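Undergrad: One structure, as C-alpha cells, below. Some questions next.
What follows draws every value from the coordinates through simple rules; no lab data is involved. Bear in mind the structure is a predicted one, so any value in this text is a computation, not a measurement. Neighbour counts are summed over all protein chains in view; Cβ atoms, including those assigned to glycine, are modelled from backbone coordinates with ideal geometry.
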Amino acid sequence: MNCHTGIDLYKRARNIIPGGTHLLSKRPEMFLPGQWPAYYSRSRGVEITDLDGNRFIDMSICGVGACILGYADPDVDAAVKSAIDNGTMSTLNCPEEVELAELLCELHPWADMVRFARGGGEAMSIAVRIARAATGRDRVAFCGYHGWHDWYLAANLADDGNLDGQLLPGLEPAGIPRCLRATAVPFNYNQPESLEAVVQEHDGKLAAIIMEPVRHSEPEDGFLRHVRETADKTGAVLIFDEVTSGWRMNTGGIHLSYGINPDMAVFAKGMSNGYPMAAITGIRPVMESAQKTFISSTYWTERIGPAAALAAIRKMRSHNVPEHLNRTGDCVRKAWRQAADEYGLRISIKGIPPLSILSFEYGKMSQEIHTLFTQEMLNRGFLSSKAFYATYAHREEHVNAYENAVIEVFKTIAGAIDKNSVHESLHGPAAHTGFKRLA
Ligand SMILES: Cc1ncc(COP(=O)(O)O)c(C=O)c1O
C-alpha cells in the first residue's frame with residue numbers, strides 16, 4: 001500500500017509543528033512509525049480516504065471517539081449546515097444553547113445548571129475552577145486522564161511518576177508553576193484505600209474528587225458509592241469526567257447506569273459527532289459559584305457546537321445508538337478472542353464493549369506484536385490499533401470483513417512468534433506507547 005503523500009507531509013509537519021500533530025493520540029508514531037498514512041482527504045461513515053486515494057475502514061479509535069454516529073453523519077451535518085446558513089455568530093446569543101442545557105438536565109435529572117465550552121480538557125479545567133470557587137479550597141484528588149491543563153499536570157510536580165498509571169505515562173510538567181505542587185493528588189481506580197489515604201492526608205482541604213466513573217474496568221461493587229460518600233464526608237465536589245465514557249452505554253453519562261450521581265459531570269467529544277462542543281453540568285449550589293469567578297470566552301457562544309450536539313443527542317436517543325455500539329463492540333471482542341484461541345495467542349481484552357482495548361500479553365515483545373498487527377491490518381485496508389471504538393456507522397459487513405482480516409493477521413503473528421521473527425517482520429520501528437518527545 002502506497003501512502004507516501006501523507007508520510008511525506010508528516011515529515012514537513014514535524015519540522016513546523018512542535019510534536020507534529022495537535023493531539024498525541026493522532027501522532028503516526030502512536031500507530032505505525034514511518035508507514036501510517038497520517039492525513040485524510042475524506043471521511044464518511046467508517047471509511048477514510050488518505051491523500052493517495054487509498055480507502056480504509058476505520059476499526060481503530062474512530063476520530064479519537066469523537067464521532068459516535070460515524071464520520072460526516074448526514075443528520076448532524078444537516079443541522080450544522082442549517083446553522084451555517086442562518087449565521088454561526090452574532091452579537092446576540094444562539095437559542096440552541098438554552099435548548100441543549102435543558103436537554104442535558106432532562107437526561108440527567110440530578111443536574112440543575114449547565115455551562116458550555118468547546119474542548120474536553122478545557123471543560124474539565126472549568127469544572128475544577130468552579131469546584132474550587134464553590135469550596136474555597138485548592139487541592140483536588142483525581143484518578144485517570146483529564147487533559148493538558150495546569151491543574152492536572154501539576155500532579156507531576158510532586159513526583160515524576162504520579163501520572164503513570166493514570167493512562168498516559170511520561171507527561172512532563174515543564175511550564176507548570178512550581179507553586180502548584182501538591183494541588184492535584186492521584187488515587188487509584190477501584191482502590192478505596194488509596195482514596196482514603198489522600199483524604200486523610202488532605203483532610204478538609206479537598207475542593208474536588210475527580211474521576212471517570214468507568215474506563216478500562218468496571219467499578220467494583222460499592223466503589224462508586226464509597227467515592228460518593230467520601231466526597232460528602234469531606235465536603236469535596238464530586239466531578240465525573242464523562243468526556244469519553246458518556247453516550248456509549250446509554251444516552252447520557254455512563255454514571256446513570258450505576259445509579260450514583262455526581263455534583264458535576266463533564267461531557268465533550270462524545271456529544272456532538274465531530275464538532276467542537278463541551279458541557280459542564282452540575283447541581284445548582286455548585287454551578288452558581290461560576291459567578292464568583294470569571295469564566296468566559298467568545299467562541300463558547302458560536303452556534304455550530306450546540307446545533308451539532310442537539311442533533312447528535314437526539315439521534316443517539318431515537319435510534320438507540322448505545323445498543324448498537326454495545327453489540328458491535330461485543331462482536332469485535334468475540335472476533336479477537338476466537339482468532340486468538342485458534343492460533344494460541346495470549347491476549348487480554350479490557351474496557352466497556354463500545355471502547356474495547358486489545359492487549360497482546362507477551363511482555364517486552366508485546367509492543368512489537370501490536371505494531372505488526374497494525375501494519376498487517378493496514379495492508380489489508382483497515383486502520384487498526386490497540387483500541388476499537390464502535391460507532392453507529394459500523395455495520396455487520398464491516399465487522400465481518402474485519403474478522404476475516406484479523407484471522408489472517410493473528411495467524412501471521414502466531415507464525416512470527418513461533419519463528420522468533422516479529423522484529424524482522426516489521427517494516428519500521430515499533431509504535432510509541434506514551435508521551436515521548438519527538439527527536
Ligand atoms: C476522560 C477524558 N478527559 C478529558 C479529555 C480531554 O479532552 P480533549 O482532548 O477534548 O481536550 C479526554 C480526551 O481523550 C478524556 O478521555
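Undergrad: Distance from the Cα centre of the stretch 289-305 to that of the stretch 379-407, in angstrom?
TA: About 39 Å separates the Cα centre of the stretch 289-305 from the one of the stretch 379-407.
Undergrad: Normalised radius of gyration for the stretch 153-254, please: alpha carbon Rg relative to 2.2 N^0.38 Å, two decimal places.
TA: 1.12
Undergrad: Which of the listed residues, Pro37, Val409, Val321, is farthest toward the dipole's positive end in the chain, when Lys, Arg count +1 and Asp, Glu count -1 at the beta-carbon?
TA: Pro37
Undergrad: Can you tell me the orientation of helix 366-379 relative to the chain, as the angle in degrees between its alpha-carbon axis and the longest Cα principal axis, to the nearest 10?
TA: It works out to around 70 degrees.
Undergrad: A further question follows. Cα to Cα, under 12 Å, and not fewer than 8 places away if on the same chain: which aspartates and glutamates meet these conditions relative to Lys350?
TA: Within the straight-line limit of under 12 Å, Lys350 reaches these aspartates and glutamates: Glu218, Asp330.
Undergrad: In addition: PRE reach from Val64 (point 7 Å along Cα→Cβ): which of the stretch 121-162 fall under 18 Å by backbone N?
TA: 121-126, 144-153
Undergrad: Next question. If you find the alpha carbon centre of the stretch 128-144 and of the stretch 39-78, how far apart are they in angstrom?
TA: Comparing the Cα centres of the stretch 128-144 and the stretch 39-78, I get a distance of 37 Å.
Undergrad: Using DSSP, restrict attention to beta bridges with both residues in the chain and report what percent are antiparallel, rounded to the nearest 5. Before the final figure, lay out the partial values.
TA: On the way: 24 of 41 bridges.
Of the beta bridges lying entirely in the chain, close to 60 percent run antiparallel.
Undergrad: Same structure, new question: Relative contact order (percent) for the chain, with alpha-carbon contacts under 8 angstrom and 6 or more residues of separation?
TA: Values: 827 pairs, mean separation 97.3, N = 439.
Reported relative contact order: 22 percent.
Undergrad: Once you have the Cα-Cα distance between Asp164 and Arg346, take 0.36 nm times their residue separation minus that, and quote the gain in nm to one decimal.
TA: Length difference between fully extended and current span is 63.1 nm.
Undergrad: Using only Cα atoms, tell me the angle between helix 120-135 and the longest principal axis of the chain; keep it within 0 to 90° and round to the nearest 10.
TA: For helix 120-135, the angle is close to 20 degrees.
Undergrad: Still on this structure: What Kirkwood radius, in Å to one decimal, follows from the Cα pairs of the chain? Kindly include the intermediate steps, with their values, before the conclusion.
TA: Numbers: mean 1/r = 0.0439 Å⁻¹.
Mean inverse Cα-Cα distance, inverted, gives 22.8 Å.
Undergrad: Select from Ile209, Gln338, Ser90 the residue farthest towards the positive end of the dipole of the chain; place +1 on Cβ of Lys and Arg, -1 on Cβ of Asp and Glu, and compute about the Cα centre.
TA: Most positive-ward Cα: Ser90.
Undergrad: Relative to the longest principal axis of the C-alpha atoms of the chain, give the angle of the C-alpha long axis of helix 321-343, reported between 0 and 90° and rounded to the nearest 10°.
TA: 40
Undergrad: Set the Förster radius R0 to 45 Å, insert the Cβ-Cβ distance between Asp150 and Lys81 as r into 1/(1 + (r/R0)^6), and round the FRET efficiency to 0.05. Present the calculation step by step, with values, prior to reporting the outcome.
TA: Details: r = 37 Å, r/R0 = 0.83.
Here the calculated transfer efficiency is 0.75.
Undergrad: A further question on this structure: Long-range amide H contacts for Leu383: which residues qualify at under 5 Å (H placed 1.01 Å from N, peptide plane, sequence gap of 5 or more or a different chain)?
TA: Ile57, Asp58, Met59
Undergrad: Still on this structure: Identify, among Ser425, Pro306, Leu378, the residue whose Cα sits farthest towards the positive end of the charge dipole of the stretch 287-429, taking +1 on the Cβ of Lys and Arg and -1 on the Cβ of Asp and Glu, with the dipole about the Cα centre.
TA: Pro306
Undergrad: Take the alpha carbon atoms of the stretch 1-38, find their center, do the same for the stretch 91-116, and report the distance between the two centers in whole angstrom.
TA: Value for the Cα centre distance between the two parts: 38 Å.
Undergrad: Please compute the volume of the convex hull spanned by the alpha-carbon atoms of the stretch 89-302 and report it per residue in Å³.
TA: Numbers: hull volume 26.5 nm³, N = 214.
Expressed per residue, the convex hull around the Cα atoms of the stretch 89-302 is 124 Å³.
Undergrad: Same structure again: Dipole magnitude of the chain about its Cα centre, charges +1 at Lys/Arg Cβ and -1 at Asp/Glu Cβ only, in debye to the nearest 20? Don't jump to the answer; show the numbers that get you there.
TA: Working: 44 positive and 51 negative charges, 148 e Å.
It works out to roughly 720 debye.
Undergrad: What is the dipole size for the stretch 276-427, taken about its Cα centre, with +1 at each Lys and Arg Cβ and -1 at each Asp and Glu Cβ, in debye to the nearest 20?
TA: Values: 18 positive and 15 negative charges, 133 e Å.
That gives a dipole near 640 debye.
Undergrad: Would you kindly work out the equivalent ellipsoid of the stretch 285-427 from its C-alpha gyration tensor and give its semi-axes, the square roots of five times the eigenvalues, largest first in whole Å?
TA: On the way: eigenvalues 314, 76, 41 Å².
After diagonalising the Cα gyration tensor, the semi-axes are 40, 19, 14 Å.
Undergrad: For the residue pair Asp221 and Thr412, what label-to-label distance in nm results when each label sits 7 Å from Cα along the Cα-to-beta-carbon direction?
TA: Distance between label points: 4.5 nm.
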